[in-house]
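Everything on this sheet refers to the single structure shown next.
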Amino acid sequence: MSRAARSVFVFGLYLIGTAAVLIMAPNVLLRVLRIVPTTEPWIRVLGVVIAVLGAYYVVAARAELNPFFRATVWGRCLVLLGFASLAALAWAPVALIGLGVIDSLGALWTWSALRSQRIAA
């Protein structure tokens, strides 16, 4: 598995883990983010969607899908921009930016791996 694939694989596992928390015990994560606990089903629905997204990352990593890896770099950076915008507008707690930072750090890891791969070629 290439370094880029490994970074995407690890990020996929992170997404699946986050999804498991959202599905089984969503208020644990909500408390960490300082969001009011909920009994609404939508948080668990989001968990299912995130689990499927995580599975896509894992499958793409195992198949060494470089175009997917490149696309995720932009997408994961946009998550930080989106979360920061929501926080700035007071539509979401500032703590949400931390999740965006995790996404961006993963994107940086993938970008760096892709760059070193391109230089080596």
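No value in this document is a laboratory result; all are computed from the given coordinates. None of these values were measured; they are calculated from a predicted model. Cβ atoms come from the backbone with ideal geometry, glycine included; neighbour counts cover every protein chain shown.
Dipole of region 13-121 (Lys/Arg Cβ +1, Asp/Glu Cβ -1, origin at the Cα centre): which of Val21, Val52, Phe68 lies farthest to the positive side?
Phe68
Can you give the calculated 222 nm mean residue ellipticity of the chain, where each DSSP H run of n ≥ 4 adds -39,500 (n - 2.57) and the sum is split over every residue, rounded to the nearest 500 deg cm²/dmol?
Working: 5 runs with 98 residues, N = 121.
Taken over the chain, the calculation gives -28000 deg cm²/dmol.
Compute the normalised compactness of the chain: alpha-carbon radius of gyration over 2.2 N^0.38 Å, N being the residue count. Intermediate values should be presented prior to the final figure.
Working: Rg = 15.4 Å, N = 121, 2.2 N^0.38 = 13.6 Å.
Here the answer is 1.13, to two decimals.
Is region 1-43 best put as rounded, prolate or oblate by its Cα gyration tensor, with a ≥ b ≥ c the root eigenvalues, rounded for a/c under 1.5, and otherwise prolate when a/b is larger than b/c, oblate when not? Intermediate results must be reported in sequence, preceding the final value.
On the way: a/c = 4.47, a/b = 2.85, b/c = 1.57.
Prolate shape, in that a/c is at least 1.5 and a/b is the bigger ratio.
Would you tally the net charge around Val21, using a Cβ to Cβ cut-off of less than 15 Å, leaving Val21 out, and scoring K and R as +1, D and E as -1? Intermediate results must be reported in sequence, preceding the final value.
Details: positive: Arg31, Arg44; negative: none.
With Lys, Arg at +1 and Asp, Glu at -1, the neighbours total +2.
Over all alpha-carbon pairs of region 58-112, lay out the pair-distance distribution in 10 Å bins, whole %, shortest bin first.
Bin by bin from 0 Å, the calculated values are 26, 42, 23, 8, 0.
How would you order 38-51, 2-15 from highest to lowest mean count of nearby Cβ atoms within 10 Å? Provide the component values of the computation, followed by the final result.
Values: 38-51: 13.3, 2-15: 19.9.
Those peptides, ordered most packed to least, come out 2-15, 38-51.
Using alpha-carbon pairs under 8 Å, 6+ residues apart, how would you state the relative contact order of region 1-78 in percent? Numbers along the way, then the final one.
On the way: 84 pairs, mean separation 36.9, N = 78.
Computed over region 1-78, the figure is 47 percent.
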